[in-house]
Amino acid sequence: MFKKKQPDTVNASTPGAPVWAEPEISDDERAVLLVGIIDNPDAREDEKYDAASDLEFLSNPFVESSLARIIRAEDFRSVLAQLCAESLGGIWARAGRVDPAFMAELRGPAKDEVFGILGARAPHLLPPSAP
């Protein structure tokens, strides 16, 4: 009647394990694969959301430019744009720097996400005019 609950962790050697769970993959390769999931028109929405969130933990010019590209493509409003903006804000907070040109371009819910993350983690990175 009662079954023993299986752990919620994924073994990286498990066939079908998500790409971000594979320890043998370099961060650069992981970033390319995660962005590829977001760009894949056949990927499920939840897979895209997970990939967007996981990109926060990687940081390089490819990741940052990909996040900005996706946010723009999603017109700064969609759930995917908001998750990408949250990841970008997290990267900027951790790195201690922002891209002022893209920050000036931000609007709508994506801007709210970035400013919220920076406000909580690195308020000194917010522009003086930020609310």
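Miscellaneous remarks
- Residue ranges 57-67, 34-44 sort as 57-67, 34-44 when ordered by packing (mean number of other C-beta atoms within 10 Å per residue, highest first).
- FRET E, pair Leu126, Arg72, Förster distance 25 Å, beta-carbon r, rounded to 0.05: 0.75
No value in this document is a laboratory result; all are computed from the given coordinates. No experiment lies behind these values; they were computed from the predicted model shown. Virtual Cβ from ideal backbone geometry, glycine too; neighbours counted across all protein chains shown.
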